[in-house]
Amino acid sequence: MITALTDITGSFEEAIAETGRVLAVQGRVLPATLHDVRLVADVKLPGENGVVQQIHGESQIPKAAGRVERVWLEPDSPKAFPPTLQALLSAELIIVGPGSLFTSILPNLLVPDLANAMRASRALKFFVCNVATQPGETDGFQCGDHLSTLEKHIGTRLFDMVISNNRFEGKLPDGPQWVKTEQDLKQKFSIYSTDLIDLENPWRHDSAKLAKTIMDLFYERTGPLISKDEY
């Protein structure tokens with residue numbers, strides 16, 4: 001849809017805005033960059049010889065059937081979209097995740113100016129860890145693997161809080177496995193674990209549970225706004 005609207009409007013920026021209107025999206029959808037970039041990954045293929053193959057294209061990476069070692073953008077330093085930087089710098093709360101670690105979350109953070117704006121922002125920054133692994137992308141990952149992968153690519157001390165699931169009930173489809181939070185992570189990160197699963201689709205977050213958890217944590221750290229008349 002975005003590709004078709006880009007051809008019609010002649011602008012990727014306008015195509016995203018138009019897509020939001022067509023889908024009745026509440027809020028604004030802002031791109032990380034307007035530059036034409038491609039996601040590339042080093043994937044370690046199964047086998048004892050440990051051959052690493054370079055895979056081009058977001059949709060091709062999960063199909064490689066190996067372990068993703070690292071991802072990067074080509075060209076590697078695209079300029080960020082200025083309104084996106086402004087939104088990050090003026091935000092009160094920045095939430096990263098849940099989503100595909102290597103093909104959805106990291107590609108945005110690999111835009112250098114965007115990651116720098118996140119660091120400079122005075123907003124609280126929450127990382128929401130996935131409930132279950134994604135076949136072909138995060139097989140065998142626990143919460144700590146997600147965090148170490150993020151740190152490997154974009155550096156340390158980016159998040160104020162990590163939110164993870166601690167309810168492991170229900171049958172998962174073939175392939176995905178539960179993502180659990182290791183006890184020793186609490187020595188390095190501020191972790192909040194609670195029941196976040198959708199009982200009908202337990203490999204996914206329950207959006208209402210997640211939203212309430214995020215807002216409770218946000219208000220706990222910022223406190224309610226009190227007018228001068230209430231002192």
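The values are calculated or read from the model by the stated rules, or taken from the named source; none is laboratory data. These numbers come from a predicted model, not from an experiment. Cβ atoms come from the backbone with ideal geometry, glycine included; neighbour counts cover every protein chain shown. Protein only, heavy atoms only, side chains kept; ligands, DNA and RNA dropped before computing areas. Shrake-Rupley method; radii C 1.70, N 1.55, O 1.52, S 1.80 Å.
Here are the numbers:
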| read-out | value |
| --- | --- |
| Hits in segment 1-52 (condition: under 25 Å from Thr149 (Cα atoms) and of a type in the set (A, V, I, L, M)) | Leu30, Ala32, Val37, Leu39, Val40, Ala41, Val43, Leu45, Val51, Val52 |
| Qualifying strands (runs of 3 or more DSSP E) (wholly inside segment 1-93; at least 1 residues being surrounded by fewer than 17 Cβ atoms within 10 Å (Cβ to Cβ) and modelled with pLDDT under 90) | none |
| Lone unmet requirement of (1) touching a residue at least 60 places away in the same chain (Cβ under 8 Å); (2) open to solvent by 30 Å² or more (accessible area, probe 1.4 Å) for Gly140 | (1) |
| Pairs, first within 11 Å of Pro31 (Cβ to Cβ) and without any contact (Cβ under 8 Å) to a residue 60 or more places away in the chain in segment 3-16, second outside any loop (DSSP other than H, G, I, E, B) and of a type in the set (Val, Ile, Thr), C-beta under 7 Å, six or more apart | Phe12/Thr6; Ala15/Ile2; Ala15/Thr6; Ala15/Thr9; Ile16/Ile2 |
| So Thr103, is it in a loop (DSSP other than H, G, I, E, B) and crowded, with 21+ Cβ neighbours inside 10 Å | no |
| Among residues of segment 106-119, those that are of a type in the set (A, V, I, L, M, F, W, C), farther than 19 Å from Val162 by Cα and not in a loop (DSSP other than H, G, I, E, B), counted | 2 |
| Evaluation of Gly170 against (1) of a type outside the set (S, T, N, Q); (2) surrounded by fewer than 16 Cβ atoms within 10 Å (Cβ to Cβ); (3) in a loop (DSSP other than H, G, I, E, B); (4) out of contact with any Leu (no Cβ under 9 Å at 6 or more places or on another chain) (one fails), failing number | (4) |
